[in-house]
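K.L.:
Handing you a structure now.
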Amino acid sequence: ERRVWVINVGDSRCYRLRSARIEQLTLDHSLVEEQVRLGRMTAAEAVRSPLRNVITRALGTQSQVTPDIFGTEAEPGDIYLLCSDGLTRELPDERIAAVLGANLSLDELCAQLVSAANKAGGHDNITCLLVRAE
């Protein structure tokens, strides 16, 4: 069994693309996302909220922080995307999946994601890293 371990704090995300289907593996540690999970706010309200940049957990803001830690089974061909919110605020999951489905190297796919996010607005810094399970 091959396992991928993800440790997450903040609003950067980890996605998995498997068989052309994208899945967000991490939960954002932001005020609005926590309100959505509790049913106090809709996803549409969260996108428009003036509080959408309020992070509830982040490295360096407190003396201690509790990360989310989980493992998932990896299958050959899975692509894991680690990215900042500068990417995910500009590109919907479906657009990210479409880019990742191209027959390009991982470096080229990263460049395509950054380019697409910049063309969509590029309002924040955009960082991404891709890993393919073999």
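The values are calculated or read from the model by the stated rules, or taken from the named source; none is laboratory data. Everything quoted here is computed from the prediction, not taken from an experiment. Note that each Cβ is placed from the backbone with ideal geometry, even for glycine, and that neighbours are counted across all protein chains shown. With ligands, DNA and RNA removed, areas are computed over all heavy atoms of the protein, side chains included. Shrake-Rupley method; radii C 1.70, N 1.55, O 1.52, S 1.80 Å.
K.L.:
Residue 73 fails exactly one of the following numbered conditions: (1) open to solvent by 60 Å² or more (accessible area, probe 1.4 Å); (2) within 15 Å of residue 8 (Cα to Cα). What is the number of that condition?
P.N.:
Condition (2) is where residue 73 drops out.
K.L.:
Say whether the condition of being among the hydrophobic types (A, V, I, L, M, F, W, C) and outside any strand (DSSP E or B) is met by at least one residue in the stretch 80-89.
P.N.:
yes
K.L.:
Just name the residue that is nearest to residue 30 (Cα to Cα) out of those in the stretch 1-10 that are open to solvent by 30 Å² or more (accessible area, probe 1.4 Å) and outside any strand (DSSP E or B).
P.N.:
Among those that are open to solvent by 30 Å² or more (accessible area, probe 1.4 Å) and outside any strand (DSSP E or B), it is 9.
K.L.:
Looking only at the stretch 51-58, decide whether some residue is part of a loop (DSSP other than H, G, I, E, B), in contact with a helix residue (DSSP H, G or I) (Cβ under 6 Å, 6 or more places away or on another chain) and open to solvent by less than 40 Å² (accessible area, probe 1.4 Å).
P.N.:
no
K.L.:
Further, regarding this structure: Of all residues in the stretch 77-116, which are open to solvent by less than 20 Å² (accessible area, probe 1.4 Å), within 15 Å of residue 13 (Cα to Cα) and out of contact with any strand residue (DSSP E or B) (no Cβ under 8 Å at 6 or more places or on another chain)?
P.N.:
86, 91
K.L.:
Of all the residues that make up the stretch 19-35, how many are under 15 Å from the mean Cα position of the chain (by Cα) and outside any loop (DSSP other than H, G, I, E, B)?
P.N.:
6
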